[in-house]
Structure formats: structure tokens, C-alpha cells
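The values are calculated or read from the model by the stated rules, or taken from the named source; none is laboratory data. Since the structure is predicted, the reported quantities are computational estimates derived from the model, not experimental observations. Every residue, glycine among them, receives a Cβ derived from its backbone with ideal geometry; neighbour counts consider all protein chains shown.
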Amino acid sequence: MTLTRRSFLATGAAASAAIGTPMIVKAQPSEYVFGSSLPMTGPFATAGQLVAPALKMFEDLANEDGGIGGVPIRTTAEDSGYVPQNALANYQRALATEENLVYYYGDSTGFMKLVAPELKGENARLMGSTSFASELANPEKNPYQYLAGPSYEDQFDILLQNIANQGGSTVAFIYSNTEFGRDPLERGRARAEELGIEVVLEESTKAQGADVPTHVTKLAQSNAEYCILQGYVTGVWPQLIGGARQFGLPTKFMGTFWGMEKLIADRVTAESGPFLDGYLGVMPYRYSYDAENAPRYARYAEYQKTAFAGTPLETYMPTWGLQSLCAMELGLMALRQVHDEGKELTAENAAEALASIQDWDSGGFFGVPVSMEGNKIGTGRVYEYSAETNLFTPASDWFTV
Amino acid sequence: MITGNLKASYAADERVFDNPNKRAFFYASLLALAGMAAFANDYVILVACQMGILLIAVTGVNVVTGYTGLISLGHAAFVAVGAYTVTIFHTAFAGTIPDGMMALIAIPLAVAVSTLVGIIVGLPALRVKGLYLAVATLSANFIVIFLIEQEAFARWTGGMVGIDTPVPNLLGWQLDTKREMFVLIAALGVITLLAVQNLFRTRVGRAFIAIRDRDYSAEIMGISLLRYKLTSFAISAALCGLSGALFAYFYARILPEQFELALSLELVAAMIVGGMGRTMGPVFGVLVIVMVPEVIKSIFGVATGGVAGVAQLLAPLQEIAFGLLIVLFLLFEPLGLNHMADRALRALNRWPFAR
């Protein structure tokens, strides 16, 4: 066949159509990816190892509900070792290798701060995290990042409000000498003053291996009725409470989200006795065993029973897992809304949809309908630990601050 | 049979690249870097930048430990000083100095301040050696981080919560992407390596080596220990300061925890794995320390499809694999990867007469 100009153009057009057609078909991706960095090794490996299985559960249940507009989702997780730069590299790798990455879940305040200025244009994704750092809940500065609950400042507000409601007049703040520990202090001081509560002690400790007797002695000297512990995960806070009880102090101890895990409290009780009895703390979410009128929790429980048989997750979802699940459910809801509105699944559209969430009946996480205000949900309530039943049970109504 | 490179004059022996293979390698490396800047994806650029920043700091540690024989476990402090100097300078002179000039002043200033701190930290090196010096320098790391974290300086350093860093602007060229930063980091990385290679052709560099090999013999030969040990610390700290300045420009935020003991140990580990007292040692070391964990992670990621449940089980294995790799290197090639590469290249050069 002689190649004429006409036949060349016709062949070219046919070839373009043949090559282009799959591109058009490809406009609907085969999957959407929810990436994550988790501390599966390093100082917070316990938390990361417990959260990882929850992601698979989230994926399976979301896909049972049709993914996003019929397109299934896939979750991925990579280890960060709790090093912000590693998590940043994980995020960049996910951007480079996952074509349809629509959401990312970070594992530390440090990572969220490090990545925030990078979230521009094509590199931006809607991003939840394990952090409740107050600084992150700032739509102007960090439009694509959000907290799936109250910030640490909000949690202090809730605890101080509870102290005021109980007629308390003095409080001590004991915190780890970390960014995490210091986060809500300033706000706490101001709020305590507003509520007429005197802050009689502000004591900084090491995040690990603190000099417990010294701190307990200072607490005894301050004679505080309540003591709020902030900035600890698995260690120090139980030792401080144990030390205070041995000292005979009647001080009531309170914690925030990361110091409220039942698995830790149970282990401490089993190993060292019932001194955590009466320990109070703020928790944004209902514990997984509190599944009455909580269809989402019931569904989780059903899945856990079969998928996680023989592991601690068979009958209980740790609070750390609940936090990740809640964050991802919020992200999924926002992305579904964007899809339903016929818009592209960009971080900007997703953030806009997320900000519009009002009076959400979470089906389990929160005991009341909640709203996303200023990229956070400022709702939580106080729970109390019983060493006899090994359960945290509600000690207040839900507060929204 | 080829037994070496013929050098017919002293000048030939003095050349930075004393044989054609080295020259070819150098130009090929420049081409590869240019190719990366143009074609590599964002992830590769990110990892390359991390390697470049670390490379400059490891080269600094190599000067003081590899060449001069003074063990330091506190070099992360100099990186921190460089990073915070740049950030503080930008905060202090915003609006006073034109944007396009800021980085051109801030980078040399960061180097100068780190040099000064390096001289102060190096003072104990005049009295103590070996493990005692390691402990003395270690304390420098803790002191610098302690000062950065103090609330009293938080206005400048951000305290515990860290501080946002500026975007560098070189005479109107805003380096606001990782790719643009890669160009700067790669250029300074290459210059650093060349400068250090050159340093050890000079009287100063040879004095360092003499001190490393036997300090009292060096002193008897007329080398002032006071002067050269402090010079070594100063040059080493200056390079770490440069690395810190780039660190601040590269990451959008710096946190004190990024400059703690772990970084100092990483610098020393990279130097040992790569090859102490060799110009290319830090390059090999950084390749292992930064790239190998990424490669292992990518291999595991491909093997498992990134499934969270599997990743959860394999994450500790990645750490073990990386640890094993380092141990095997130290067992079978204690002189570092550089030595391994040397042997391979020598065999290639003399093939088929030698293996």
C-alpha cells in the first residue's frame, strides 16, 4: 500500500483513537488508595502494630458499601519508626507510586508539621493523623489536615470543665517535657483561671524514665485536688499514679486521649495492683465495648470476631485504632460527597466537603451528633477506670467545646 | 601488566583526579546528577536530597574522625546550629535585607557560626582522646538541643514545637520545589567533596593524617596539635553547618528532635560503613544508610502490595534486614564499602592479570 497524505492522516487518526480510548476509559480508576505511615517499629510500635489491622477492616467494610462511587478503595501502610522524615519519605513514595492516592494518614505531629507546607497543588491530599495537636486544627494554615476529635487544648477544656462541675478548686499539670506534653498548657492555664480553678503546680517530667519520687513529692507539697497528666502514652503516667498512691495522696488523676488506653491500664492493674482505680480522663470516642445504639461498632465487632480471632482485637478495638478508623471514615465520607457532587477527588474539594460535615451521626464513635468546626471535632467526655471491672465507664455527659 | 598509574611529574601526582578513570567517573557523575534533576520523579528527588544533605555532614565527620582520628559523637549539634542560624537570620532580617540576598548571606553565616561552635567543642580534644573525647562531644549535642528547646529562646528557635523554615531565594531564583533544592544540594555536595579531596593534598590535610596516625610523633615533627586539631574541628563543623543550612532550606519545618543523638550516630555509622578517611567513603556510607532502607521498604512494598496487615508483620523484619546488612559489612569489609569498590575497580583495571 502506498502511503498517501490522506491514508497517513486516516491511519494516524485511527491509531490516536485506539491509543486514546483506553485513556478515556481509564478516567474511572480501578481503585482509590488510602495511604498511611504507622510507627510499626520504634517507641510507639505498640500503637502502630494495633492500628495496622484496623486499616484492613476499614478497607473491607468501605468496599462492602461500594467504595467511592462504586470504585473500591485500597489501604496501604508503611513503617515510619516514628521518625517524621521517614514518614515524609513514605508520603512522597506513595505520591510517586500510587496513581490514585486520594487520602493519607500520618502518624505524628512532627510529620504533619513537616508535610504541611508540601501540600500544594498536585502534591496535596486530604490528611488525617494520630495527632491531636492544637496547632494542626487551623484551616487557614493547614487546609487539608484535620483532627478526628478534639485538640489537646479542647481535651484540657473538657477536663477542667469537669473539675469545675465537680466543685474542684485546685489542679496540678504534670506533663512530659515534649511538644506533645506542652501543647495545651497555655490554654489550660487560661481556662482554669476562667473557671476559678487554681493551678497549684506545673511539673515537667521526662517522657520516659522520669524521676517519679521527686515529681510525686512536689505534687504532695502542692496539695492539688486534681492532677492532669499530659504527653504520655505507655509509660510514666501509671508510675506517677502508683507513686502517689503509695505516698497516700488523695489527688484525683486525669489523662488525655493517649493516656486512656484500656490495654495499658489493664496490664498495669494485672502487674502492679488496682491503684489505677478511679483514674479519670477525657476520651473523644466511646470505647469499643460500649456498642449500644452504635451500629458501626456492632459491624466492627462482627468483623473483628471472625477476622481477628485469637488476637486481642477479637473482642476489643483499642482507642488508637478507633481514632484511625474515625479519621478515615471522615475522610471517606468527604471523598464520597465530592464524588456524588460530580467533582474531581482533589484535596481541595475533599477539604471543602469535610468542612461541611454537620451533625454527623457517627454510629458509634461519638455519643452525640458532631460537627467539623475549624478542621476538628471538639467533642469528648470524661471516663473513669475501674480496676475491678477493668473497664473505662462514662463519668460525665458529652462536652462540645 | 598494569601495576598502577604512571605519574611522570610531581604535579601529576598532586592532581585531584590522578587518573583518567577518576576523571571519567567525575564527569559521568555530573551527567547523572543533571539527568536526575531533569527526569527523576519527586520521590527519587526527595531521597537524593536527603542523601545530599547527609553526605555533606558525613564528609564533615570524616574530616575530624576519618582523617584526624578524633572521635566525635556530637556532630548533629553543628547541623542543628547551621539549621537554626539560617532560620533565625531570615526571621531577624526579614524586610531589611533583600530576599534575593538572604540565602547568600545566611548560608556562609551558618557555616561561620557552626565553625565557631566547632572550635569551642573541639577544645577538649586538646586534653582527651578516644572514648573520653566521644563523651565530651556527646555532651555538646545535648547542650545545643537543650538550649534550642528552652522557652526563653522560643521566639527564635520555636522551642520544643519547632519552627517553620524559610524558602531560599538566590538572586531572585526562588527554590520552592524539591527539584530546585536538589540542584543547590547537589552542587554544594559536589563542591564539598572536591574541597575535601583537595584539602588532603595540602599541608593542613597531611597534618591531620599525621595526627591521626600518631599525634605525639606529629607534634615532634613540628605539627601544632592545638592549631590542627582545632582546625580539623572547625572544618568539620563548618561542613555540618552547611549541611544544617541546607536541611533548614529543604524541610519546611525543623524540630529539635531531628538533631538529637540519633543523627550523630547516623553520621558516624555512615562514615564507618562507607570507609573512614576516604573521600568517597561518605558517598558509599550515605548510599547505604539512606537508600538501602528505602530500597528494602520498596521491595517489601512490592512483595506485599503495601497491605497494612502484612506490613505490620514485615516492618520489624526491615529493621532486622538493615541491621544485618550493616553487621555483615563490618564483619566482612571493616574498611568500608569504599575499600570494596577499590578492590573491584583495581581488578577491573588490571584484568585479566589480577583478580
B:E319 passes all but one of the listed conditions (1) of a type in the set (D, E); (2) within 22 Å of B:Y67 (Cβ to Cβ); (3) within 14 Å of chain A (Cβ to nearest Cβ); the exception is number (2)
Among A:A87, A:A94, which is touching a strand residue (DSSP E or B) at 6+ places or on another chain (Cβ under 9 Å), at the interface with chain B (Cβ under 10 Å from one of its Cβ atoms) and of a type in the set (G, A, S)?
-> A:A94
Could you run through the range A:97-116 and say how many residues are more than 9 Å from chain B (Cβ to nearest Cβ) and either over 21 Å from A:E59 (Cα atoms) or touching a Gly at 6+ places or on another chain (Cβ under 6 Å) (or both)?
-> 7
Residue check, B:A262 assigned to a helix (DSSP H, G or I), surrounded by fewer than 23 Cβ atoms within 10 Å (Cβ to Cβ) and within 14 Å of chain A (Cβ to nearest Cβ) | yes
Selection status of A:M57, within 13 Å of another protein chain (Cβ to nearest Cβ), under 27 Å from A:G310 (Cα atoms) and either basic (K, R) or part of a helix (DSSP H, G or I) (or both) | yes
Taking A:R286 as the residue in question, decide whether it is charged (D, E, K, R), touching a residue at least 40 places away in the same chain (Cβ under 8 Å) and assigned to a loop (DSSP other than H, G, I, E, B).
-> yes
Consider only pairs whose beta carbons are under 8 Å apart and that are at least six residues apart or on different chains; among these, list those whose first residue lies in the range B:19-45 and is more than 24 Å from B:E180 (Cβ to Cβ) and whose second residue is polar (S, T, N, Q) and surrounded by 12 or more Cβ atoms within 10 Å (Cβ to Cβ).
-> B:N19/B:N5; B:N21/B:N349
What do you reckon, is A:N63 facing another protein chain (nearest Cβ under 10 Å), more than 24 Å from A:F257 (Cβ to Cβ) and not charged (D, E, K, R)?
-> no
Return a yes/no flag: does the range B:295-303 have any residue that is more than 17 Å from A:G42 (Cβ to Cβ) and more than 14 Å from chain A (Cβ to nearest Cβ).
-> no
Regarding B:L54, is this residue within 14 Å of chain A (Cβ to nearest Cβ) and touching a residue at least 60 places away in the same chain (Cβ under 8 Å)?
-> yes
Taking B:A40 as the residue in question, decide whether it is within 14 Å of another protein chain (Cβ to nearest Cβ) and crowded, with 24+ Cβ neighbours inside 10 Å.
-> no
From the option list A:G310, A:G364, A:G331, A:G374, single residue qualifying as at pLDDT below 95 and either among the aromatic types (F, W, Y) or surrounded by 15 or more Cβ atoms within 10 Å (Cβ to Cβ) (or both) is A:G364
Name the residues in the range A:259-283 that are touching a residue at least 40 places away in the same chain (Cβ under 8 Å) and part of a helix (DSSP H, G or I), would you?
-> A:K262, A:L263, A:A265, A:D266, A:T269
Output for the range A:171-193, where each listed residue is among the aliphatic types (A, V, I, L, M) and under 22 Å from A:G209 (Cβ atoms) = A:A172, A:I174, A:L185
Would you mind stating whether A:A291 is over 15 Å from A:Y383 (Cα atoms), part of a helix (DSSP H, G or I) and modelled with pLDDT under 95?
-> no
Just checking, which of B:L345, B:L331 is more than 12 Å from chain A (Cβ to nearest Cβ), at pLDDT 85 or above and surrounded by fewer than 22 Cβ atoms within 10 Å (Cβ to Cβ)?
-> B:L331
Have a look at A:G364, A:G321, A:G331 and point out the one that is farther than 12 Å from A:G149 by Cα, small (G, A, S) and either out of contact with any helix residue (DSSP H, G or I) (no Cβ under 8 Å at 6 or more places or on another chain) or part of a loop (DSSP other than H, G, I, E, B) (or both).
-> A:G364
Would you call A:F34 modelled with pLDDT of 95 or more and under 19 Å from the mean Cα position of the chain (by Cα)?
-> yes
Can you find a residue in the range B:86-96 that is more than 19 Å from B:L265 (Cα to Cα), of a type in the set (A, V, I, L, M, F, W, C) and within 14 Å of chain A (Cβ to nearest Cβ)?
-> no
Among the candidates B:E257, B:E219, single out the residue that is away from chain A (no Cβ under 14 Å), of a type in the set (D, E, K, R) and not in a loop (DSSP other than H, G, I, E, B).
-> B:E219
Please report, ordered by residue number, the helices (runs of 4 or more DSSP H) entirely within the range A:176-232 with at least 3 residues that are within 14 Å of another protein chain (Cβ to nearest Cβ) and within 28 Å of the chain's Cα centre (by Cα).
-> A:179-182, A:185-195
Which residue pairs have Cβ atoms under 8 Å apart, sit 6 or more places apart or on different chains, and have a first residue in the range B:193-221 that is touching a residue at least 40 places away in the same chain (Cβ under 8 Å) and a second that is of a type in the set (K, R) and part of a helix (DSSP H, G or I)?
-> B:F200/B:R206; B:I211/B:K229
In this structure, does A:T41 turn out to be within 7 Å of chain B (Cβ to nearest Cβ) and over 29 Å from B:G162 (Cα atoms)?
-> no
Can you confirm whether the range B:284-301 contains a residue that is hydrophobic (A, V, I, L, M, F, W, C), modelled with pLDDT of 95 or more and touching a Phe, Trp or Tyr at 6+ places or on another chain (Cβ under 8 Å)?
-> no
Of all residues in the range B:156-168 being at pLDDT 90 or above and not hydrophobic (A, V, I, L, M, F, W, C), which is surrounded by the most Cβ atoms within 10 Å (Cβ to Cβ)?
-> B:P168
Considering residues that are buried (at least 18 other Cβ atoms within 10 Å of the Cβ) and either closer than 21 Å to A:I174 by Cα or touching a residue at least 24 places away in the same chain (Cβ under 8 Å) (or both), the number found within the range A:291-302 is 3
Specify which of the listed residues (A:A124, A:A77) is within 21 Å of A:A334 (Cβ to Cβ), more than 16 Å from the chain's Cα centre (by Cα) and touching a residue at least 24 places away in the same chain (Cβ under 8 Å).
-> A:A124
The range B:93-114, residues that are in a helix (DSSP H, G or I) and under 15 Å from B:V167 (Cα atoms) = B:F93, B:D99, B:G100, B:M101, B:M102, B:A103, B:L104, B:I105, B:A106, B:I107
Scan the range A:223-232 and give yes if some residue there is more than 23 Å from A:G168 (Cα to Cα), crowded, with 20+ Cβ neighbours inside 10 Å and not charged (D, E, K, R), otherwise no.
-> yes
